[in-house]
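To start, the structure itself, in structure tokens.
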Amino acid sequence: MAWRSSGSSNQSLVDNLEKNGLIETKRVKDAMLQVDRAHYAPRNPYDDRPQPIGHKATISAPHMHANACESLLDHLKPGAKVLDIGSGSGYLTAVLANLVGPSGRVVGIDHIQPLVDMANTNMAKSDEGRKMLESGQVKFVTGDGRKGWKEDAPYDAIHVGAAAAEHHKELTDQLKAPGRLFVPVSDGWSQHIYVINKREDGSIDQNMLYGVQYVPLTDAPE
Ligand code: SAH
């Protein structure tokens, strides 16, 4: 599934993701077309697979970014507030910012300072990205994402880009009601994507989607 969607340009990568059913909506397609993955992936940016970005981190595969956006889409309305945990390259943070628009806000958090710096540099490669940083529509912060980011909570949507060892209550606490969390969770040797909904009355339901392979959420390196 992954390989088939690779392209020779950002446009053809996104077209192929759509053709293969990995992008399902025009909103996600437009948001991904507006971010050139070459600004974020150091090598083979239009391949539909993860790429190393240093510090034992990877930029996730485009089909995962597409699916994360599709899964959270009901909660990514213009003006929504979003937290992107394990923001790494900053690519998905930028796509999420396109989805919530200029009246929305996206906070990207990573615990490795050079990756936070890299995300800022990557976004500033385009005029649109620079404007999003200057206006505060997007900001990158350094911290332990397992605790979320209280300062800007509550969020309409939280995306986690690294595998959690457990269900972190802090994250659902930082969701609005209604709100939605997209998180890979480790379960012994395997990992699965969970979509966790906080309903209007504050109650929680969770759905296990499909198996994945993410780098783990860890303690910050010394
Ligand atoms: N969404 C990113 C994924 C990067 S890989 C992208 O596609 O570019 C996962 C990221 O999670 C890495 O950047 C890693 O530094 C970060 N990470 C791991 N544990 C973390 C923690 N406890 N708090 C915050 N970030 C963490």
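The values are calculated or read from the model by the stated rules, or taken from the named source; none is laboratory data. Bear in mind that the values here come from a model prediction, so they are computed numbers and not experimental data. Here the Cβ is made from the backbone with ideal geometry for all residues, glycine too, and neighbour counts use every protein chain on show.
Points to keep in mind about this one:
Here's the yes/no breakdown for (1) under 13 Å from the mean Cα position of the chain (by Cα); (2) free of Cβ contacts under 8 Å to residues at least 24 places away in the same chain:
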position	(1), (2)
Asp15	no, yes
Lys29	no, yes
Asp48	no, no
Cys69	yes, no
Asp84	yes, no
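- Of the residues Gly129, Gly143, Gly88, the single one that is at pLDDT 95 or above, within 11 Å of the ligand (Cβ to nearest atom), among the small types (Gly, Ala, Ser) and closer than 20 Å to Ala41 by Cα is Gly88.
- Inspection of the stretch 159-171 identifies no residue that is among the β-branched types (Val, Ile, Thr) and more than 10 Å from the ligand (Cβ to nearest atom).
- Highlighted here are the strands (runs of 3 or more DSSP E) found entirely within the stretch 90-196 that include at least 3 residues which are under 27 Å from Glu222 (Cβ atoms): 105-110, 138-142, 175-187.
- Taking the stretch 52-88 as the range and being part of a strand (DSSP E or B) and of a type outside the set (Asp, Glu) as the test, the residues that pass are Pro52, Ile53, Gly54, Ala57, Thr58, Ile59, Lys81, Val82, Leu83, Ile85.
- Gly136 touching a strand residue (DSSP E or B) at 6+ places or on another chain (Cβ under 8 Å), more than 20 Å from Ile112 (Cα to Cα) and of a type outside the set (S, T, N, Q): yes
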